[in-house]
Amino acid sequence: MKSWLRIKTTIEELEAEVWQGKNKKLRGKPMLVQSERWEKFKAGTQENDEIWKFSSPGEMWKNLCGMAGIALVSGGEVVDNYERFHN
């Protein structure tokens, strides 16, 4: 999944995207920041961890098995993910 990492971000930026409607796919879908799973994901982060948006390769989307979401990277390894979209 490391090769799927696309954009480094932060928890604060992600939550702002949802509430401010910057991401059209998430607009009006505040469940990202209200869900128990999201709170658990956030609680699992530590000071030096990185948060990345990820997306599977285009071929997977063409075959209707694409995934995208948020990945938690610790020590250079993906240790958790929060899927936002799944085909």
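No lab work stands behind these numbers, since they all come straight from the coordinates. As the structure is a computational prediction, the values presented were derived from the model and not from experiment. Positions of Cβ are generated from backbone atoms using ideal geometry, with glycine treated the same way; all protein chains shown enter the neighbour counts.
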Virtual spin-label span in nm between M60 and S35, 7 Å along Cα→Cβ
1.7 nm
What spacing in nm lies between the two simple spin-label points modelled at E83 and E50, each 7 Å away from Cα in the Cβ direction?
2.4 nm
